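Undergrad: Handing you this structure, nothing more for now.
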Amino acid sequence: MRVLLVEDEPDLGTAIKWALKQEKYVVDWAQDGHEAWEYLQQQWTHYTVGIFDWMLPDIMGVELCRRLRQRQNLLPVLILTAKDRLQDKVMGLDAGADDYLVKPFEMEELLARLRALQRRSPVLPRQQLQVGPICLNYTDRTVYCQQADGRLEPVSLTNKEFQLLEYFMSHPQQIVTKDQLLSQIWEMEVEVGSNVVAAQIRLLRRKLAEKGCSDFIETLPSMGYRVHSIYAK
């Protein structure tokens, strides 16, 4: 799941991004409204939720909301602001925000509000995803590999490995290219080497193989990767 965070306060932005990454979100952090709008215009990048500060350089958070709604974009948006008057809350919601969180706030509340926004999204989130012998649980961010005797063996994954596996499992019949994975799993501002995708997939395969799921992801030379055809049904 990918989040667009738009926050111009460095300390707060760093803290929010860290908390989100601990929850296995992919986070693009823009520090002004113009940069955020460029992120939103990216053809291949699809966000699960947006967190917009109200007061931003160039384009304010409420204006970003207005632009999204004018384009019929239903991205759930949480507005962060120090403005706590009723009139300000009404203005933010009328601009198209889905929720409103007044600074200062506890990180646990922000995470809870994000989960609530996802539940209210037009596309209801899944609690669990299963493809072949692999089961991915969204509730507690765990992954299990089903053994021949029916036992579920837990697979310990890093955030990036979890995100990669989730993407493959969400597109089980699709050939996924390296560029698609880079655009969906890696943050915009991160410079990645040419072999980073292959290296991460190699690590993921190794962990799955240790639990008896060695052939889950296959490589299609000159094309990309996909869930092995015996599971992609």
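Undergrad: Between GLU218 and GLU153, what length comes free when the chain is fully extended (0.36 nm per residue of separation minus the Cα-Cα distance, one decimal in nm)?
TA: Numbers: separation 65, 0.36 × 65 = 23.40 nm, distance 2.13 nm.
Extra length available between GLU218 and GLU153 comes to 21.3 nm.
Undergrad: To the nearest 20 Debye, how big is the dipole of the range 136-213 about its Cα centre, given +1 on the beta carbon of each Lys and Arg and -1 on that of each Asp and Glu? Could the numbers behind the result be given before it?
TA: Working: 9 positive and 10 negative charges, 62 e Å.
So the magnitude is around 300 debye.
Undergrad: Starting from the Cα of GLN70, step 7 Å along the direction of its Cβ; do the same at SER183; then give the gap between the two resulting points in nm.
TA: With each label placed 7 Å out from Cα toward Cβ, I get 2.5 nm.
Undergrad: Does the range 1-119 classify as rounded, prolate or oblate by the C-alpha gyration tensor (a ≥ b ≥ c root eigenvalues; a/c under 1.5 gives rounded; else a/b over b/c gives prolate, otherwise oblate)? The partial results should precede the final answer.
TA: Values: a/c = 1.28, a/b = 1.03, b/c = 1.24.
The shape class here is rounded.
Undergrad: Just add up the charged neighbours of GLY212: K/R +1, D/E -1, any other residue whose Cβ is under 13 Å from the Cβ of GLY212.
TA: Numbers: positive: ARG151, ARG205, ARG206, LYS207, LYS211; negative: ASP149, GLU153, GLU210, ASP215.
Residues near GLY212 contribute +1 overall.
Undergrad: Of LYS160/LYS207; LYS103/LYS160; LYS83/LYS103; LYS17/LYS103, which pairs sit farther than 19 Å apart, going by alpha carbon to alpha carbon?
TA: Working: LYS160/LYS207 13 Å; LYS103/LYS160 30 Å; LYS83/LYS103 8 Å; LYS17/LYS103 16 Å.
Distance filter (> 19 Å) returns LYS103/LYS160.
Undergrad: Let me ask you something else. Tell me which of TYR167, ILE185, GLN147 sits at the most positive position along the dipole axis of the range 144-204, charges placed on C-beta atoms (Lys, Arg +1; Asp, Glu -1).
TA: It is GLN147, whose Cα lies furthest towards the positive end.
Undergrad: With a cut-off of 8 Å between alpha carbons and a minimum separation of six or more residues, what is the relative contact order of the range 9-73 in percent?
TA: Values: 34 pairs, mean separation 17.3, N = 65.
So the answer I get is 27 percent.
Undergrad: If you put +1 on each Lys and Arg Cβ and -1 on each Asp and Glu Cβ, how big is the dipole of the chain around its Cα centre, in Debye rounded to 20?
TA: 1000 debye
Undergrad: Counting pairs of alpha carbon atoms under 8 Å apart in space and at least six apart in sequence, what relative contact order in percent does the chain give?
TA: Values: 361 pairs, mean separation 36.8, N = 233.
Worked out over the chain, it gives 16 percent.
Undergrad: Given points 7 Å out from each Cα along the Cα-Cβ axis, report the GLN128 to ALA116 separation in nanometres with one decimal.
TA: Going from the GLN128 label point to the ALA116 one covers 2.7 nm.
Undergrad: I'd like to know which of LEU78, SER229, VAL27 lies farthest towards the positive end of the charge dipole of the chain, counting +1 on Cβ of Lys and Arg and -1 on Cβ of Asp and Glu.
TA: Of the options given, the answer is SER229.
Undergrad: Here's another thing I want to ask about it. Order of 77-85, 160-168, 216-224, 48-56 by packing, highest average Cβ count within 10 Å first? Working shown, then result.
TA: Values: 77-85: 18.2, 160-168: 20.8, 216-224: 13.3, 48-56: 23.1.
Averaged packing, sorted descending, gives the order 48-56, 160-168, 77-85, 216-224.
Undergrad: Label-point separation (nm) for ARG202 and GLU38, each offset 7 Å from Cα along Cα-to-Cβ?
TA: Here the answer is 3.3 nm between the modelled labels.
Undergrad: If you don't mind, another one. Could you give the size of the charge dipole of the range 80-181 about its Cα centre, using +1 on the Cβ of each K and R and -1 on the Cβ of each D and E, expressed in debye and rounded to the nearest 20?
TA: Numbers: 13 positive and 14 negative charges, 32 e Å.
Here the size comes out at about 160 debye.
Undergrad: Further question: Rounding to the nearest 10 and keeping the result within 0 to 90°, find how far the Cα-based axis of helix 10-22 lies from the longest principal axis of the chain.
TA: 30 degrees
We did not get these values from a lab; they are worked out from the coordinates using the rules stated. Note that the coordinates shown come from a computational prediction; the quantities given were computed from them, not determined experimentally. Counting neighbours? That spans all protein chains shown, and the Cβs are built from the backbone with ideal geometry, glycine included.
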